[in-house]
Structure formats: C-alpha cells, structure tokens
Amino acid sequence: KGYLACRKGGAASDVVWAQALQAEAAVASTLCFGAILWDLKSFFDCVNHDLLRARCLRLGMEPALVKLGIASFTAPRTVKSREAVAPPLYPTRGMMAGHTFAKAMLGAYFVESLDAWRIRHPRAHLDVYIDDITIRAVAASDEELMAILIPAALDLQQLIRTELECDLALQKAATVASSMRLARLIRGRLGPSAGKVAKTVANLGIDFASGRKRGPGSLPIRRKRLA
C-alpha cells in the first residue's frame, strides 16, 4: 500500500522529504498546498482484539500466527508492590509496540478501512506512519483545496473513531499550508482537530514546511515531534 509510509526500506525522512517536495513543487507552480498532521491518541492501547483477529484472518494472515499474537496481547498482567500481588488482569484491548507482529497486525487492523477511504477521496494524499497520519492536497485555488481536504479529513476522523475505536491527540495536531490565510481557513472549518496553524512544524521529528525553498546544503532539523 503506497500510503503505508513505514513500509520496509522506508525511513521517516523519506516520508517527510516526499511531502516537502510535493509542497515546494506546488508552490513553485503557483498552486495551493495544504496538509493536516495527526497523531492517534494511545493507539496501541486502543486496538480491539476481536476486530484485530477478524481483520487479520480476513486478509489471509496465517491463523496460527494470529492466534499467537493475540495470545501474547491478552496474557495476564499483574501489579506487585513488595509482597502484595494484585489479582491478574486479562486485557481485551491493546498490543505491545515492540512486538514482533506489531507492524503487520496493525496494518491489517486499519488497511481495509483506509483503502475504502482512499476510494472515496482520490484527490487527497495520505501517509500513515504507524500512528502518525498526514493528509495533504494540491489544487489550483484555496477553495478547490478546501473542497478536497476538508471532506477527506472529516471522513477520516469519523473512520478513526468508529472503525479504529481511537481518537486524535489534539495537542499534537497541526496544519500547514501554502499561505497562512489558507491554513486559517482549514482551521476554521475543522476546528480543534486542525490543531495549531503554523508555517512549519516538526513531522516525524523532521522540519516540514509547506513549500519553503531549501538550499542545496539544507538538512532536516530535528525537533520534538508534533505528529
């Protein structure tokens, strides 16, 4: 899947530079560019095991491996303080971020929903890096870009809540665009889910601006991740 930005052989820097290149090319061609950056709130803790099992099997994953993965996610957990041990808890949600099957099973968890979303919004570009999402679009005018980006973002937000049973980390959300006017228009239509409006933000730890020209010797700027 082209939108799965964390695929084998791909790095976070590859994702952000591809986004920045599209933005710069759009601005250089006097087109409009806009992007919304989202982070899913506690995504690994929200994964529904029943849905995970069903979706993995529907996509043809080996049943024995699916069963092994689910078993490790539902293993009993206990809390201990000195000699006191609480009764075991059996999780019905969540998976371990560093688990061997985590990337593959997470992909199975959301890929069908995102494939359907892409069919509904063919002009909106999507990048998903585990639980970090960027929606972006290029258009001839602010109005045309809004007509592409806003419905796509609203639909994706609803999908996240209903089909992934998760929500957005609003404090990490951000919107960048080829003009501050356009970024504010996007913020005005989306409200808090658009997050902060800025000329540049840190995406996957790398500086991401909406069309800022970069010199031949420029390098990624590492910052605290916003999305």
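Remarks
- The helix-only estimate of mean residue ellipticity at 222 nm for the chain, built from DSSP H runs of length n ≥ 4 each weighted as -39500 (n - 2.57), is -13000 deg cm²/dmol after division by the residue total.
- The count of lysine pairs in the chain that are at least 8 places apart or cross chains, and whose C-alpha atoms lie under 14 Å apart, stands at 6.
- The alpha carbons of the stretch 73-141 give a radius of gyration and a Dmax of 19.4, 67 Å, in that order.
- Between Val197, Val15, Val85, the residue with the greatest mean-square fluctuation in the GNM of the chain (Cα pairs under 10 Å linked by springs) is Val85.
- Column: log10 I(q)/I(0), Debye, Cα scatterers of the chain, q = 0.12 Å⁻¹: -0.69
- Inter-probe distance in nm under a simple model that places probes 7 Å from Cα toward Cβ, at Ala116 and Glu165: 1.6 nm
- Normalising the Debye intensity of the stretch 84-185 to I(0), with uniform scatterers on Cα atoms only, and taking log10 at q = 0.17, 0.21, 0.22 Å⁻¹ returns -0.89, -1.21, -1.28.
- Among the protein heavy atoms of the chain, carbon and sulfur supply 57% of the accessible surface, probe 1.4 Å, non-protein parts ignored.
- In this rough spin-label picture, where each label sits 7 Å from Cα along the Cβ direction, the Thr100-Lys199 distance is 5.0 nm.
- Solvent-accessible surface (1.4 Å probe) assigned to Asp127 amounts to roughly 20 Å².
- Computed from the Cα positions only, the extents of the stretch 146-194 along the three principal axes stand at 33, 24, 14 Å, in decreasing order.
- Rounded FRET efficiency, nearest 0.05, which uses the C-beta distance separating Leu65 from Ala28 and R0 of 35 Å: 0.15
- When only Cα pairs below 8 angstrom with a gap of at least 6 residues are kept, the chain shows a relative contact order of 30 percent.
- All Cα-Cα separations within the stretch 11-116 were binned at 10 Å from zero, giving a P(r) of 12, 31, 25, 18, 10, 3, 1, each value a whole percent of the pairs.
The values are calculated or read from the model by the stated rules, or taken from the named source; none is laboratory data. What you are looking at is a predicted structure, and each value in this text was computed from that prediction instead of being measured. Here Cβ is always computed from backbone atoms with ideal geometry, including for glycine, and neighbour counts include all displayed protein chains. Just so you know, the surface numbers come from the protein's heavy atoms only, side chains and all, with ligands and any DNA or RNA stripped out. Shrake-Rupley method; radii C 1.70, N 1.55, O 1.52, S 1.80 Å.
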